[in-house]
1. Being touching a Phe, Trp or Tyr at 6+ places or on another chain (Cβ under 7 Å) and in contact (Cβ under 8 Å) with a residue 60 or more places away in the chain narrows it down to one residue among PHE108, PHE98; which is it?
2. So, GLN109, is that one polar (S, T, N, Q) and within 20 Å of LYS8 (Cβ to Cβ) or not?
3. Keeping to segment 60-80, report how many residues are over 14 Å from the mean Cα position of the chain (by Cα) and under 18 Å from GLY10 (Cα atoms).
4. What are the residues in segment 1-54 that are under 14 Å from the mean Cα position of the chain (by Cα) and hydroxyl-bearing (Ser, Thr, Tyr), if any?
5. Being in a strand (DSSP E or B) and either without any contact (Cβ under 8 Å) to a residue 12 or more places away in the chain or buried (at least 20 other Cβ atoms within 10 Å of the Cβ) (or both) is the filter here; which residues of segment 21-53 pass it?
6. Would you check which residues across segment 63-86 are over 14 Å from TRP20 (Cα atoms) and either in contact with a helix residue (DSSP H, G or I) (Cβ under 9 Å, 6 or more places away or on another chain) or crowded, with 19+ Cβ neighbours inside 10 Å (or both) and list them?
7. Among (1) more than 18 Å from TYR6 (Cβ to Cβ); (2) touching a residue at least 12 places away in the same chain (Cβ under 8 Å); (3) surrounded by fewer than 21 Cβ atoms within 10 Å (Cβ to Cβ), which single condition is ALA89 missing?
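Just so you know, all these numbers are worked out from the coordinates, no wet-lab data involved. Predicted, not measured: the structure shown is a model, and the values here were computed from it. Cβ placement follows ideal geometry from the backbone for every residue including glycine, while neighbour counts extend to all protein chains displayed.
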Amino acid sequence: MLERRYTKSGEWVAFDGTGWRVGLSAAAADELGDITFVELPVLGRRVGAGEAVCSIEAVKAAADYYSPVDGRIAAVNSVLAHQPELINADPEDEGWIFALEDVPAKSFQALMDETAWKTWETGR
């Protein structure tokens, strides 16, 4: 079963029982507008929660992308190098940005679950 958690700035991390994928929420992708370029993070790099790991350029803005949790970058979605618009089309599935390993459970549990995220997003 997939468990997904969110930050207030719209980053998500999902745990599927074996791995951790990270990406942008649909709301955050919509705020950026049409994404035109993704600078993917470096494999093997250890990152902390809230640390900038890559950048995303869109028609409306360019922004750093921050890791929602601590961990080590284990994989990147290399499809985004040629199809950055995939983040807009399917931000919470095929548009994932990178995967992490060595994520402490407390780092993941500190984020909002889907119910809390939807409540927070609606009230914003």
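1. Every option except PHE108 fails the conditions.
2. yes
3. The total comes to 3.
4. Within segment 1-54, TYR6, THR7, SER9, SER25 meet the criteria.
5. ARG21, VAL22, GLY23, LEU24, ILE35, VAL38, VAL47, VAL53
6. The answer is ALA63, TYR65, VAL79, LEU80, GLN83, PRO84, LEU86.
7. If we test ALA89 against (1) more than 18 Å from TYR6 (Cβ to Cβ); (2) touching a residue at least 12 places away in the same chain (Cβ under 8 Å); (3) surrounded by fewer than 21 Cβ atoms within 10 Å (Cβ to Cβ), just (2) comes out false.
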